[in-house]
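Notes follow once the structure below has been shown.
The values are calculated or read from the model by the stated rules, or taken from the named source; none is laboratory data. Just so you know, these numbers come straight off a predicted model, no measurement behind them. Ideal geometry is used to build each Cβ from the backbone, glycine not excepted, and the neighbour counts take in all protein chains shown. Ligands, DNA and RNA are stripped out before the accessible areas are found, and what is left, the full protein with its side chains, is counted by its heavy atoms. Shrake-Rupley method; radii C 1.70, N 1.55, O 1.52, S 1.80 Å.
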Amino acid sequence: MDAYWVSILGMLALCFLSVALAILSGSSKGFAGALSGPVVPADDNNRLYRIDRVHMNSVEALAPFAVPAVLAMMVGVGPVTLGMLVWAHLAIRLVHLAVYLRGGNAAKGGNIRTILYVSGALITTILILVTGWAALH
């Protein structure tokens, strides 16, 4: 497992990001006097909604990426390949977070958010395929 230290650090960073966003979301709701759960109005102009949504996006993206990343280590995917995929995914999540929390037109959907979503899904798909290939060979 020593060979995978770069990937392990990246995966821990993804997990930490999700936990940090959960704390940010919960404390933001508390300071605003909002109830836990979905933020109303569900509007990209609402900062509380964007904070909650970026947290939920990180949670939604974590499991489909984390499971094949751990399996990749188990089946012997190359440490450099896995490290690049993990850190690319982390970079996409961080850019998504920055774009969405900043607000404005980019946070309302469209090109930037779509590119980030598709890029994250593509990296996850590549990871799944590489892991499946390694498991079969």
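Give segment 101-112 a look and list any residue that's assigned to a helix (DSSP H, G or I) and either without any contact (Cβ under 8 Å) to a residue 40 or more places away in the chain or open to solvent by 60 Å² or more (accessible area, probe 1.4 Å) (or both), or say none.
So the first thing to find is which residues in segment 101-112 are assigned to a helix (DSSP H, G or I), and the list is 101-102, 105-108, 111-112.
Within segment 101-112, Arg102, Asn105, Ala106, Lys108, Asn111, Ile112 meet the criteria.
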**OP:** Answer yes or no: is there a residue in segment 27-42 that is closer than 19 Å to Tyr100 by Cα and within 19 Å of the chain's Cα centre (by Cα).
**Re:** no
Original post:
Among the numbered criteria (1) of a type in the set (A, V, I, L, M); (2) within 30 Å of Gly26 (Cβ to Cβ); (3) out of contact with any His (no Cβ under 7 Å at 6 or more places or on another chain), which single criterion is violated by Met73?
Top reply: (2)
Subject >> Out of Ala63, Ala98, sole residue that is more than 30 Å from Ala3 (Cβ to Cβ) and open to solvent by 50 Å² or more (accessible area, probe 1.4 Å) >> reply: Ala98
Original post:
What number of residues in segment 113-137 are buried (at least 17 other Cβ atoms within 10 Å of the Cβ) and more than 22 Å from Pro68 (Cα to Cα)?
Top reply: 1
Original post:
Which residues, counting only those in segment 25-50, are outside any helix (DSSP H, G or I) and either open to solvent by 60 Å² or more (accessible area, probe 1.4 Å) or within 22 Å of Asn105 (Cβ to Cβ) (or both)?
Top reply: Gly33, Leu35, Ser36, Pro38, Val39, Val40, Pro41, Ala42, Asp43, Asp44, Asn45, Asn46
Original post:
Does His137 satisfy the condition of being closer than 15 Å to Leu17 by Cα and either touching a Gly at 6+ places or on another chain (Cβ under 8 Å) or free of Cβ contacts under 8 Å to residues at least 24 places away in the same chain (or both)?
Top reply: no
Subject >> Single unsatisfied condition, Val80 versus (1) closer than 30 Å to Asp2 by Cα; (2) open to solvent by 30 Å² or more (accessible area, probe 1.4 Å); (3) of a type in the set (Val, Ile, Thr); (4) in a loop (DSSP other than H, G, I, E, B) >> reply: (4)
